[in-house]
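Notes to accompany the following structure.
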Protein chains: 2
Amino acid sequence: MTTRNQLTRNQNLVMHALDSAAGPLSAYTILDRLRDDGFRAPLQVYRALEKLQEMGLVHRLESINAFVACAHPDCHSHDMIAFAICEKCGKVDEFSDDVVQERLGAWTARHRFKPSKTTVEIRGHCASCSADG
Amino acid sequence: MTTRNQLTRNQNLVMHALDSAAGPLSAYTILDRLRDDGFRAPLQVYRALEKLQEMGLVHRLESINAFVACAHPDCHSHDMIAFAICEKCGKVDEFSDDVVQERLGAWTARHRFKPSKTTVEIRGHCASCSADG
DNA sequence: GCGTATAATGTTATGACATTACATCGACAT
DNA sequence: ATGTCGATGTAATGTCATAACATTATACGC
């Protein structure tokens, strides 16, 4: 976690907000939670999030416009990360699948498509939430 | 294409706007293009889009907040559809992959996760755009 | 035809998410 | 001290999506 120590104040605050959260947070929710720390404008959050994403410490969930702390020690080891997002409780499971990665890679290679970012997000109900009803 | 004939006026207009477009359109772009046809408010577009998506005639691209006409005669034949989206020219390729579907299905089954919607979107540069530079 | 239930539409306002533009500050090398 | 570069502060604006409520169209049993 060498990168972790080089974070700026704002990046640290945002990272901590995500770490302490049970699930993903929207940028504006993060903003609200950091009001007492001096945050005033969305841009302070978005700028920090951008850097944290570059460092692989945070992921953006495209399908729900929210951000989540990376669950793995170092996410840079995978190109593609998949998410299972519970629409009831908000819990997010992060996983990677080499076969999926391979297949998508095969498609892009075959079509000479140069991928820059791949999104795999499954929304639904997690085990405990679908048990509830 | 039986469903196609049962579309309402608004649904028809939105469908036609997407059909005539080279690539995906945002809801507000659709709205602008339908001003002359009497469209005034975003909701007219969003309501039509919602129905068209239910019928499988239109897909929403989560990662770019845009909508695209389905490329296949009947998309209901697949649970999961993947998209390759060119960030330069906007071209979208739609495909499905049984192996990917299988693997994601295996993961959700193993974790007793009940999926409702799955998003697979690859952003990058298409063949012709990456050739350009 | 007539009443009625249901779906679709029109309109205004508002909520939610994200970026542009520009000024300032701090660390650091020259 | 000064130029440079990255981070920050702030206001304004742009973009995407839905809530709430009134009205109109359509289908269907009688």
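Each value in this text was obtained by applying a stated rule to the coordinates, not by laboratory testing. All values derive from a computational prediction rather than experimental measurement. Cβ atoms come from the backbone with ideal geometry, glycine included; neighbour counts cover every protein chain shown.
Residue A:8 sits among other residues whose Cβ lies under 11 Å from its own Cβ, and their net charge, with Lys and Arg +1 and Asp and Glu -1, is +3.
Per residue of the protein assembly as shown, the DSSP helices (runs of n ≥ 4 H) give a summed -39500 (n - 2.57) that works out to -11500 deg cm²/dmol at 222 nm. The GNM of chain A, with springs linking C-alpha atoms under 10 angstrom apart, assigns the highest mean-square fluctuation among A:121, A:50, A:102 to A:102.
Rounded to the nearest 5, the antiparallel percentage of DSSP beta bridges internal to the protein assembly as shown is 75%.
From the square roots a ≥ b ≥ c of the eigenvalues of the alpha-carbon gyration tensor of the range B:1-102, which class results: rounded (a/c under 1.5), prolate (a/b over b/c), or oblate? Write out the running numbers ahead of the final one.
On the way: a/c = 2.25, a/b = 1.43, b/c = 1.58.
In terms of gyration-tensor shape, oblate.
For the range B:97-115, the residues whose amide N sits under 20 Å from a probe point set 7 Å from the Cα of residue A:79 along the beta carbon direction are B:97-104.
Counting only DSSP beta bridges with both residues in chain B, the antiparallel share comes to about 65 percent.
Label point of residue B:56 (7 Å along Cα→beta-carbon): distances to the other copies' equivalent points are 4.0 nm, sorted ascending. In nanometres and ascending order, the distances from the residue A:102 label point to those of the other copies are 1.1 (point 7 Å from Cα along Cα→Cβ). Between identical copies, the spacing of residue B:6 label points, each set 7 Å from Cα toward the C-beta atom, reads 6.0 nm from nearest to farthest.
How much net charge surrounds residue A:38 when only the other residues with a Cβ under 15 Å from the Cβ of residue A:38 are counted, with Lys and Arg +1 and Asp and Glu -1? Provide the component values of the computation, followed by the final result.
Numbers: positive: A:9, A:33, A:35, A:40, A:47; negative: A:32, A:36, A:37.
Cβ neighbours under 15 Å give a net charge of +2.
Taking A:41, A:66, A:84 as the candidate residues, the one with maximal mean-square fluctuation in a Gaussian network model of chain A, Cα springs under 10 Å, is A:41.
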